[in-house]
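One structure is given here, and the rest of the page talks about it.
The values are calculated or read from the model by the stated rules, or taken from the named source; none is laboratory data. Owing to the predicted nature of the structure, the values given are computational and were not obtained by experimental measurement. Please note: Cβ atoms are built from the backbone with ideal geometry, for glycine as well, and neighbour counts cover all protein chains shown. The accessibility values were calculated without ligands, DNA or RNA, using every heavy atom of the protein model including side chains. Shrake-Rupley method; radii C 1.70, N 1.55, O 1.52, S 1.80 Å.
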Amino acid sequence: MKIGIAGTGRMGAAIAQRLMGLNHDVAVWNRTPEKTKPLADAGAKVAASPAALADGVEAVITILTDDRAIDALYNGPQGLLSGDARGKLFIEMSTVRPDVEMVLEAKVRQKGAVLVECPVGGTTGPAREGKLFGFAGGADADVARARPLLEQMCRRVEHCGPVGAGTRMKLAINLPLYVYWQALGEALLLCRSLGIEPGRLIDILADTSGASNAIKTRGPSVAAYLAGRDPGPPAMTVDLVCKDLRTMIGEAKVLGGTLPAAETALKCFEDAAKSGLGSADQSALPARWAKREL
Ligand SMILES: NC(=O)c1ccc[n+]([C@@H]2O[C@H](COP(=O)([O-])OP(=O)(O)OC[C@H]3O[C@@H](n4cnc5c(N)ncnc54)[C@H](OP(=O)(O)O)[C@@H]3O)[C@@H](O)[C@H]2O)c1
């Protein structure tokens with residue numbers, strides 16, 4: 001299938017690798033052109049603009065930072081929707097407010113095309129292996145059309161409802177995870193005086209009822225931060241976590257609710273970003289808390 005990926009950041013590039021590995025004909029575009037080079041070296045075509053990308057493919061995938069990025073990519077003068085988009089399938093996978101996807105869907109529909117949202121659980125490793133968890137939103141027929149492609153990216157695809165429902169579910173699944181990172185930092189602080197080697201300490205905490213699934217994959221990274229070793233390249237950054245938490249809190253306000261645990265987690269992540277950890281992996285947060293001066 002001819003697939004275009006607009007936005008080859010960490011997740012976009014990992015998804016491109018996955019789809020190229022399945023022998024799809026993949027074309028890419030990214031605002032910062034250097035980030036397309038490893039994909040071009042591996043055989044991807046590089047389009048001159050989002051419009052040119054959309055022109056040459058049957059399906060376009062986007063996974064971008066936030067609503068401003070979506071607006072720039074879709075609605076800019078050389079944007080994905082600036083040409084003849086009739087009949088095309090757009091799969092929008094960013095983590096944003098539901099209304100951003102709903103407004104976008106209306107614009108895509110006006111162009112005679114189809115939009116399915118599918119934000120994902122899982123980070124770059126699962127993206128490269130096709131093992132994400134997709135939270136799809138869209139009309140039944142549109143999700144059915146997108147499903148074969150979604151299932152090549154995801155180990156599980158849940159159709160949550162119309163466009164907007166997938167992003168709402170995605171915000172919900174991330175909330176306990178971000179609160180967990182701070183709770184883990186506080187648990188590690190309590191254990192500090194025990195002097196247990198970080199790898200063993202994480203192994204103990206991972207094998208208990210209070211553990212999140214995330215410690216099974218990111219535990220070695222937390223242990224590396226604790227030990228002052230190189231944790232490797234970041235997957236989900238502290239800055240992106242702050243964006244997600246602000247999005248959840250904003251969404252709850254619209255619904256008339258409050259999220260006190262998420263608000264505290266946001267404050268802790270924002271402090272970490274201010275201390276210079278904005279581009280570090282989210283797993284830096286618990287280690288920072290455990291190592292702070294008392
Ligand atoms: N990383 C994860 O583990 C993970 C997991 C699940 C979901 N997500 C979600 O997936 C999305 C992408 O995350 P990521 O980690 O791949 O982020 P990333 O590496 O920072 O990539 C972001 C992408 O958005 C593009 N972008 C940002 N602002 C733009 C603008 N104004 N105009 C055009 N392009 C713009 C970037 O282009 P440039 O390269 O030019 O900056 C890049 O291609 C986010 O919504 C995140 O919350 C991430």
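As a summary of the residue check, THR62 satisfies the conditions (1) over 15 Å from ALA6 (Cβ atoms); (2) within 15 Å of the ligand (Cβ to nearest atom) except for the one numbered (1).
Restricting attention to the stretch 109-142, which residues are more than 14 Å from the ligand (Cβ to nearest atom), in contact with a helix residue (DSSP H, G or I) (Cβ under 8 Å, 6 or more places away or on another chain) and without any contact (Cβ under 8 Å) to a residue 40 or more places away in the chain?
VAL114, ALA136, GLY137, GLY138
Taking the conditions exactly as written (crowded, with 21+ Cβ neighbours inside 10 Å and either acidic (Asp, Glu) or in contact (Cβ under 8 Å) with a residue 24 or more places away in the chain (or both)), does THR247 satisfy them or not? So THR247 fits the description; yes.
Here GLY76 fulfils each of the conditions (1) over 28 Å from GLY250 (Cα atoms); (2) open to solvent by 10 Å² or more (accessible area, probe 1.4 Å); (3) not aromatic (Phe, Trp, Tyr) apart from (1).
The number of residues in the stretch 224-243 being more than 16 Å from the ligand (Cβ to nearest atom) and either among the hydrophobic types (A, V, I, L, M, F, W, C) or over 17 Å from SER275 (Cα atoms) (or both) comes to 5. Scanning for something free of Cβ contacts under 8 Å to residues at least 24 places away in the same chain and under 20 Å from the mean Cα position of the chain (by Cα), does the stretch 81-100 turn up at least one residue? No. For the stretch 101-112, filtering for residues that are more than 14 Å from LYS170 (Cα to Cα) and crowded, with 20+ Cβ neighbours inside 10 Å leaves 4.
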